[in-house]
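K.L.:
Below are the structure tokens for one structure; questions will follow.
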Amino acid sequence: MTAVPIYRQPSSNTSATDSNKPADTKPVLALKELVASLYREQNKIQNLLSSLGFALRSFNNLNQFLELTPLMAARVTDADGGALILFKSNGRISLEQLHCQDNQVTGQLRRELEQIVRQLNVSDHQISDNFPLSLPEYLDRQIRQALGTTIQLYSTPVLVKNTERGRLYVFSSDPEYIWTQTRRKLLQLVADQTAVAIANNELTIELRSKERQDRELEIASEIQLRLLPRKCPLIKGVDLAASCKTANRVGGDYYDFIPTNYDQLSQTTEGKVESPAACVPWSIVIGDVMGKGVPAGLIMTMTRGMLRAEVLNRHTPAQILEHLNRVMFADLENSHRFVTLFYSEYDPQSRILSYSNAAHHPPLLWQASTGVIQRLDTEGGMLIGLDPESQYENAQIELAPGDTIIYYTDGFTDAVNQSGERFDEENLIRVFQQACQNYEHPQAILDDLFDKVNAFTGSDKTNSDDMTLVVMKVKSQE
């Protein structure tokens, strides 16, 4: 049986719906257009901010980045233009960059802003007296007054390490321009990127300055090491060992070996023990400048030069210290530093050691015949640079074969262990006595003393002060 189609008359409701269909699509199309517009606006903003981030990563010159800041601020906020004003470290302000779509308006704005900046730089000290406003608030008010009521102005701070370092402005002449929350956030984002660029630039400058300082310290350290004796001299009847370990790259410790007659020294043949220089009296000196670092190193260098010149006058040890104190007093007083110095002169012919002390730690003498340790000191000697009229005393002692002397700085006795205990002179005397009993050569004694102090403080602990040690031993056999 063949099916017969049934025709039905459409109802009135169906007919009404079909007739309204074109009208219902208008809101949908409007919504789609709005979404598309927002999407395009979002892409534009993302592209602009991506460009700003790329510039932040790529530009090595801060000025190149700052040129983009007002432009980006204006574009992301749909404003007519933007301006960046920075606060300098010297208290002055400067108009860094200005952007405006209209070149004629740009020139007028620049003149007005520069005039405001000049006025504030001239009268910035009077602002706080005349107005109960901060500098940023006063700057905003002055710019608003200059732009008039027809131009809308908005600003946000440029904060570097929680300190306001400038203001970022945008302005619009559109009467329907609305300052939305989104635009405010976008302007702040550009300001934050600007703050990062400023901070990075300052860190770069600081790093370069530190690199220059490090290089200067390396040069100073190299010069100081060259001024200290590279090796111990050959002196008839004695063996020598010496070492200086600075806490910093440049230290204030000083030791030296100075021949008393350079004429005979120039006639020497290196390696010949019986050469004229070996028989000449030699000055053995150790000192310590109060303080560390480059200032102490400079004073140490000055002390070395003056002392070497003074030795040639062939005065007694006490006279040499008196003359040195008078010559250096003015410079030391101006630098607020002092020098401790122990000066001695050894005569190989008589085995007599003459000496005088200017408040330095007295060297220790181990007498081979008795095993007794004696402190080599003189009374009354004050620091070099403390009193220009300070008087020093002479003393001398005849050494015997096997006798050993250590000259040292307070870096040894002031060395501190993990418990905060000092190594002190008592421990130094004890380990020195043991080293003299166990080792023959001065270098072995020196190494042992450094090892003992390092074991006391701990191998992972760095020196808090310079440590210098000179060991002199009278040979048992000629």
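K.L.:
Using the basic label-point model (7 angstrom from Cα toward the beta carbon), what is the residue 210 to residue 92 distance in nanometres?
P.N.:
Taking the two extended label points, one gets 2.9 nm.
K.L.:
Roughly what would the spin-label model give for residue 63 and residue 336, points 7 Å off Cα along C-beta, in nm?
P.N.:
In this crude label model, residue 63 to residue 336 measures out at 4.0 nm.
K.L.:
Between the DSSP loop rule and a limit of at most 16 other Cβ atoms within 10 Å, which trypsin sites (Lys or Arg not before Pro) in segment 417-458 are left?
P.N.:
none
K.L.:
Given bins 10 angstrom wide, list per bin the percent of all Cα-Cα distances in segment 145-222, short to long.
P.N.:
16, 30, 22, 14, 9, 6, 2, 0
K.L.:
Based on the Cβ-Cβ distance from residue 122 to residue 102, what FRET efficiency comes out when R0 is 30 Å, to the nearest 0.05?
P.N.:
Numbers: r = 30 Å, r/R0 = 0.99.
FRET efficiency, residue 122 to residue 102: 0.50.
K.L.:
What distance in nm lies between label points placed 7 Å from Cα along the C-beta direction at residue 421 and residue 184?
P.N.:
Those two pseudo-labels are separated by 6.6 nm.
K.L.:
Out of segment 151-216, which chymotrypsin sites (Phe, Trp or Tyr not before Pro) are coil in DSSP terms and have no more than 16 other C-beta atoms within 10 Å?
P.N.:
Of the chymotrypsin sites (Phe, Trp or Tyr not before Pro), the ones in loops of segment 151-216 whose Cβ has at most 16 other Cβ atoms within 10 Å are 179.
Only the coordinates and a few stated rules stand behind these numbers; no lab work does. This is a predicted model, so every value here is computed, not measured. Cβ: placed from backbone, ideal geometry, glycine included. Neighbour counts: every protein chain shown.
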